[in-house]
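Below you'll find the structure, written out as structure tokens, and then a few comments.
Read the figures in this text as sums done on the coordinates, not as results from a lab. All figures in this text were calculated on a predicted structure; none of them were measured in a lab. For neighbour counting, all protein chains shown are included, and Cβ atoms are generated from backbone atoms with ideal geometry for every residue, glycine included.
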Amino acid sequence: MEKNKFRFENLEIYKETLFLIELIYTLTKKFPKDEMFGITNQLRRASVSILLNIAEGSSRTRKDFAHFLSLSKGSCFECVAILEVCKNQKYISDKEFLGFYERLNKISRMIGRFQISLRTATSDSRQAI
């Protein structure tokens, strides 16, 4: 199976985000049931959106991939905002919030570095022409 993997499956940001999603799903299982179609659903969708944009973007041109990574980064920011609401509603502790905040910040920085590398690779290929 290893050699038949899609390219995106080998990306560290993909692996980090996949782990984040596992943590988000575990966290949200303890949220109040009346939040199932509110905060729980929104947080899960935002975290999965990070992953899906990385996967879909990897099938595109470098320029398009950079755009999809921007969408992923936006979803990281969305997760932070939702988690802040969760903290304010006492669904999560300050410590839990901080742990997720640091993880999302790390993923966001990884995405930013990857975007820069894609832009650099694109401009290098243009110079070669």
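Does PHE37 qualify as being assigned to a loop (DSSP other than H, G, I, E, B) and of a type in the set (A, V, I, L, M, F, W, C)?
yes
Looking at LYS73 and the list (1) crowded, with 17+ Cβ neighbours inside 10 Å; (2) under 18 Å from LYS90 (Cβ atoms); (3) of a type in the set (Lys, Arg), which single condition is not satisfied?
Single failed check for LYS73: (2).
Using the structure shown, decide if ILE50 is over 18 Å from ARG113 (Cα atoms) and either buried (at least 18 other Cβ atoms within 10 Å of the Cβ) or not polar (S, T, N, Q) (or both).
no
Give me a count of the residues in segment 65-90 that are part of a helix (DSSP H, G or I) and either over 17 Å from the mean Cα position of the chain (by Cα) or within 18 Å of ARG113 (Cβ to Cβ) (or both).
17
Does segment 104-115 include one or more residues that are over 19 Å from THR17 (Cβ atoms) and either free of Cβ contacts under 8 Å to residues at least 40 places away in the same chain or not in a helix (DSSP H, G or I) (or both)?
no
Out of segment 71-98, which residues are basic (Lys, Arg) and touching a residue at least 12 places away in the same chain (Cβ under 8 Å)?
LYS73, the sole residue that qualifies.
Mind checking whether some residue in segment 23-30 is assigned to a helix (DSSP H, G or I), of a type outside the set (S, T, N, Q) and crowded, with 16+ Cβ neighbours inside 10 Å?
For segment 23-30, residues assigned to a helix (DSSP H, G or I), of a type outside the set (S, T, N, Q) and crowded, with 16+ Cβ neighbours inside 10 Å: present.
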